[in-house]
Amino acid sequence: MGLLEAILLGIVQGITEFLPVSSSGHLQIAKELLGVQLENNITFDVTLHAATVLSTMVVLWRELWRLLKGCLSRRFNEEQAYVIKVVLSMIPAGIVGILFADPIERLFSSLWFVGLMLLLTASLLTFAYYAKPRKKSEISYRDAFVIGLAQAAATLPGLSRSGSTIATGLLLGDEKSAVANFSFIMVIPVILGKMLLDLLSGEMAAMTISNEVLISGFLAAFISGALACKFMIEIVKRGKLIWFALYCALAGAVCLIGTL
């Protein structure tokens with residue numbers, strides 16, 4: 001993998017991690033186009049995920065700092081309740097990651113499956129756009145767990161994590177900006193957990209990839225991720241998810257046609 005491929009893949013990861021178009025699906029498409037094998041490159045994968053986590057923390061640092069200060073209080077408060085909701089949302093993804101990691105990993109090589117899941121993402125975003133549920137003042141514990149179920153389902157390649165979680169929150173009637181923030185905050189511990197498992201697997205030590213390639217991919221993912229995160233929060237507030245539904249439908253159709 002050269003510098004150009006690393007930068008392009010970093011940009012794809014950074015943008016699609018936050019936009020509701022499936023980062024896993026687009027990385028698979030990018031791999032096919034560039035001829036780069038990503039499945040076994042644990043080092044590069046961890047580097048890109050570290051970049052997107054850092055970009056999330058930079059964009060949402062005020063919210064994260066508020067939660068951290070609230071958690072240090074001896075009295076139970078709304079910040080501690082929010083953290084409990086984040087923990088609840090992590091449970092389904094954790095179970096899926098532990099029990100079904102290998103079967104899901106095998107699906108990443110199927111461009112047909114990626115296309116099918118992109119069409120499912122388009123359907124979910126469209127449904128969330130036109131649905132008019134009763135609005136709620138805050139995300140409940142039940143809602144947090146249900147959104148977590150959507151995040152767990154989005155481990156499938158082509159099914160957008162941000163699209164699934166945001167659309168689910170909107171269908172539950174949660175406020176737009178609250179859903180966007182929760183969607184991006186709840187993924188931080190999940191990605192960190194996945195990175196830890198990759199590090200503990202010992203496979204990174206066997207990888208041979210230059211520091212220049214890693215740094216290039218990291219910077220590309222971080223910069224594009226920070227911009228995409230801010231952009232997506234504004235898009236959700238304005239309720240313009242239908243355009244991403246159209247894009248996912250088109251991308252999914254192209255993937256399916258490409259497998260014929």
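Readers should treat all values here as calculations from the given coordinates under stated rules, not as data from a laboratory. Treat the numbers as computed from the prediction; the structure is a model and nothing was measured. When we count neighbours, we look across all protein chains shown, and the Cβ atoms used for this are built from the backbone with ideal geometry, even at glycine.
Here are the numbers:
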| item | result |
| --- | --- |
| Lys/Arg +1, Asp/Glu -1 at C-beta; the chain dipole; positive extreme among CYS255, SER22, PHE145 | PHE145 |
| Fewest-first sequence of ARG66, ARG142 by Cβ atoms within 10 Å of each Cβ | ARG142, ARG66 |
| Relative packing of peptides 179-188, 251-260 - highest average C-beta neighbours within 10 Å first | 179-188, 251-260 |
| Burial order of peptide ranges 218-227, 2-11, 75-84, 127-136 (average beta-carbon count within 10 Å, highest first) | 218-227, 2-11, 75-84, 127-136 |
| Magnitude of the charge dipole, the chain, Cβ model with Lys/Arg +1 and Asp/Glu -1, debye to 20 | 1200 |
| Relative frequency of Cα-Cα separations exceeding 24 Å in the chain, percent | 46 |
| Neighbour-count order for ASP102, ASP45, fewest beta carbons within 10 angstrom listed first | ASP102, ASP45 |
| Signed unit charges on C-beta, dipole axis of the chain, positive-most listed residue PHE108, GLY225, VAL46 | GLY225 |
